[in-house]
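Working notes for the structure below.
The values are calculated or read from the model by the stated rules, or taken from the named source; none is laboratory data. Since the structure is predicted, the reported quantities are computational estimates derived from the model, not experimental observations. Positions of Cβ are generated from backbone atoms using ideal geometry, with glycine treated the same way; all protein chains shown enter the neighbour counts.
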Amino acid sequence: LVSRKKQPEDTVLTIKGVEFGGGEPLLIAGPCSVESYEQVRAVAENHVKRGLRVLRGGAFKPRTSPYDFQGLGEEGLQILKRIGDEFNLVTISEIVTPADLEMATKYIDVIQIGARNMQNFELLKAVGRLNHPVLLKRGLSATIEEFIYAAEYILSEGNTQVMLCERGIRTYEKATRNTLDISAVPLLKQETHLPVFVDVTHSTGRRDLLLPTAKAGLAVGADGVMLEVHPDPDVALSDAKQQVNIPQFNEIVDQLLASGLYK
Ligand code: PEP
Ligand code: MN
């Protein structure tokens, strides 16, 4: 069902008037974790100033250590709902268990399935039964074929509102957090009709690589770029080292505009 052969034309999702996969690249930006209303609001205000419409923020955080901040849960989704309504932004947040899906659809516009859950087949089937947009991230060590089959799980249950996100894969390389598989973008665009995004924050794990990898992603045909921005990254409760602050984020937006790859 996800195959280009089956459907030659691109899938375009229109959410709150924003087109995903419609030809104009999007920036999906926001903090790693929703920490407070004020924190997300600071990012949202900047979004509006910069003409951005898509806000991300994690409420259920799949953390490596059980002792790390696990997210605000439903309260975090409520914050996203309030801010999404106030600023007319499309909101995206990760859900990690089928039990929370119905609840989440009341609060957020796009349900993210994270890398660690790309092959959580019961979760995939459950989002497949929803009538709600889904952003599916590539697994930490998933092949392109496995990634495409994961998307197929969702469509096979009836939900056609699916977008893909390359977020880097595990390799032997330690200079970056993961290895951004840039060729995944044109491959996924060739093989499937779904919108394809590139997460430059979790792939590189390095602030100094966000701009060049974002340009690379757009140059090879991504429908947009995801990156994390926090009003004060030093005190962030997750991914403090790799989030950029708002001025740094705006500099990246300016440079992307100047490159002509993003309008
Ligand atoms: C995220 O986007 O918040 C996240 C945890 O990313 P990933 O699932 O790609 O690691
Ligand atoms: Mn993060």
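Below are the figures for this structure:
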quantity	calculated
Close pairs from the range 230-242: first among the hydroxyl-bearing types (Ser, Thr, Tyr), partner not in a loop (DSSP other than H, G, I, E, B), Cβ under 9 Å, at least 6 apart	SER238/SER33; SER238/GLY58
Options ILE113, ILE92; residue that is touching a residue at least 12 places away in the same chain (Cβ under 8 Å) and either closer than 19 Å to GLU157 by Cβ or out of contact with any strand residue (DSSP E or B) (no Cβ under 6 Å at 6 or more places or on another chain) (or both)	ILE113
Those residues of the range 238-247 which are closer than 19 Å to ARG41 by Cβ and surrounded by fewer than 20 Cβ atoms within 10 Å (Cβ to Cβ), in sequence order	SER238, ASN245, ILE246, PRO247
Condition check for LEU188: buried (at least 21 other Cβ atoms within 10 Å of the Cβ) and within 16 Å of ligand 2 (Cβ to nearest atom)	no
Inter-residue pairs, beta-carbon under 6 Å, first surrounded by fewer than 21 Cβ atoms within 10 Å (Cβ to Cβ) and in the range 63-82, second basic (Lys, Arg), 6+ apart	GLN70/LYS61
Residues of the range 74-126 classified as under 19 Å from ALA42 (Cβ atoms) and not hydrophobic (A, V, I, L, M, F, W, C), total	11
Residue check, LEU164 in a strand (DSSP E or B), more than 16 Å from ALA29 (Cβ to Cβ) and touching a Leu at 6+ places or on another chain (Cβ under 8 Å)	yes
Selection within the range 189-201 - within 12 Å of the chain's Cα centre (by Cα) and farther than 20 Å from PRO133 by Cβ	VAL200, THR201
Residue selected from the range 23-43 under the condition among the small types (Gly, Ala, Ser) and surrounded by fewer than 24 Cβ atoms within 10 Å (Cβ to Cβ), by the criterion farthest from ligand 2 (Cβ to nearest atom)	GLY23
All strands (runs of 3 or more DSSP E) inside the range 1-70 with 1 or more residues being of a type in the set (Phe, Trp, Tyr) and modelled with pLDDT of 95 or more	18-20
Matching residues, the range 88-114, being in a helix (DSSP H, G or I) and on the phi > 0 side of the Ramachandran plot	none
Yes/no for ASP234 being acidic (Asp, Glu), buried (at least 20 other Cβ atoms within 10 Å of the Cβ) and out of contact with any helix residue (DSSP H, G or I) (no Cβ under 6 Å at 6 or more places or on another chain)	no
Which listed residue, of ASP109, ASP85, is over 29 Å from SER259 (Cα atoms) and either under 15 Å from the mean Cα position of the chain (by Cα) or crowded, with 17+ Cβ neighbours inside 10 Å (or both)	ASP109
Output for the range 55-109, where each listed residue is within 14 Å of ligand 2 (Cβ to nearest atom), among the basic types (Lys, Arg) and within 23 Å of VAL18 (Cα to Cα)	ARG56
Candidate set: the range 152-195, residues that are in contact (Cβ under 8 Å) with a residue 60 or more places away in the chain and touching a helix residue (DSSP H, G or I) at 6+ places or on another chain (Cβ under 8 Å); chosen: the one farthest from VAL18 (Cα to Cα)	ARG177
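Residue-by-condition table, conditions (1) in a helix (DSSP H, G or I); (2) out of contact with any Pro (no Cβ under 6 Å at 6 or more places or on another chain); (3) within 14 Å of ligand 2 (Cβ to nearest atom):
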site	(1), (2), (3)
ARG177	no, yes, yes
LYS215	yes, yes, no
LEU218	yes, no, no
ALA222	no, yes, no
VAL225	no, yes, no
ALA240	no, no, yes
GLN248	yes, yes, no
GLU251	yes, yes, no
ASP254	yes, yes, no
